[in-house]
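The structure under discussion appears below in the form of structure tokens.
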Amino acid sequence: MTTAQPPAEFQTSASREAGPLQVLTDARHLAVRAIRESVRQPGVEITNVFIPLFFLAVSTGAIANFSERGFGVENYLAFQLPVAVLQAVAGSSAASGIAIVLDMERGYFDKLLLTPASRWSLIIGRVWADAVRAIFFASIMLIAALVAGSGMATGVPGAILILVIAGLFGGAYSGIGIFIAMRTGNAQAAQAGFLLFFPLLFMAPAFAPLAVFDDWLRWIATVNPVTYIMEGMRGLVMEGYAWPVTEGGQIVFGPDGLPLTKDPPALHWAFVSLAGFSAFTLTIAALALRARTRAD
């Protein structure tokens, strides 16, 4: 009779303490494994590219001709670019829940629990992998939109910032899939991770500016974290950075001796929203993992 051996990357002394560096090392191994799963099954990822591009093309083709007259948006393709990016990112990150359920069904998840690997690495590794995948899919959306003529007001630095935001949102959104997988262990339930994104998307200024919303929908949008993430990306595409107030090429200083600045850009609130959203999703994922490992 043979005993199941833990994965090679975790075949270390069980007596070692999982310090911060070891946790990150274990997480890196798990992240690489998760990325390899995507590379080996590219067909599974097709929908994460096709669906956002399809909605980008259809919504732009249907609305662009009257968006300027209707609500003052001249470049509707640029207006829709952040929507396509977030949709692609949410779709790829939500798949983590299904992957975890498959690991449970195959017994791989139980093997990981028998190794000295920290429980934190199980979450961190998956989050890292989803962040990398999110950046990849966001890059495809950016390239496609730029080729189609969306433009980028902030140039290459702005595009890089959009990819950073996409990666952070992808890592944060993976917490939802992880939570569902840990709580249910059911693949059908894990598929709901992506469906949960649609209420967040449609209750944000995805297809029209916030100013044209009804009062009740505008209030919901103001408490929706996706609103601020989307508007931050949209500002990078359409408006540019907020710079200090200048006159004659010189920075204007106020009575307190500090530089006068324009209104804070939406980009600031995007990162604030990302921080809060990440704290929530990763906390519930960690609690769900803790509950499952105790039950086991």
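The values are calculated or read from the model by the stated rules, or taken from the named source; none is laboratory data. Everything quoted here is computed from the prediction, not taken from an experiment. Backbone-built Cβ (ideal geometry, glycine too); neighbour counts: all protein chains shown. These area figures cover heavy atoms from the full protein model, side chains too; ligands, DNA and RNA do not enter into them. Shrake-Rupley method; radii C 1.70, N 1.55, O 1.52, S 1.80 Å.
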Which order do the peptides 150-160, 96-106 take when ranked by the mean count of other beta-carbon atoms within 10 Å per residue, highest first? 96-106, 150-160
How many nm is it between the label spots at Phe202 and Asp214, if each spot is 7 Å from the Cα in line with the beta carbon? 1.3
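Can you sort Ile180, Ile135 by solvent-accessible area, 1.4 Å probe, largest first? Walk me through the intermediate numbers first.
Values: Ile180 25, Ile135 70 Å².
Descending order: Ile135, Ile180.
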Where in the stretch 164-182 is the amide nitrogen less than 18 Å from a point lying 7 Å along the Cα-to-Cβ axis of Leu146? 164-167
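So for the stretch 26-169, considering every pair of alpha-carbon atoms, how many percent are separated by more than 24 Å?
Working: 4185 of 10296 pairs.
So the portion of pairs separated by more than 24 Å is 41 percent.
What full-extension length gain, to one decimal in nm, is calculated for Arg28 and Val156 as 0.36 nm per residue of separation minus the Cα-Cα distance?
43.2 nm
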Under 5 Å between amide hydrogens, which residues at least 5 positions from Ser118 or on another chain qualify, with H placed 1.01 Å from N in the peptide plane? none
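For Phe55, Phe197, Phe71, give me the order by solvent-accessible area with a 1.4 Å probe, most accessible first, ignoring ligands, DNA and RNA.
Working: Phe55 90, Phe197 0, Phe71 45 Å².
Highest to lowest solvent-accessible surface, that is Phe55, Phe71, Phe197.
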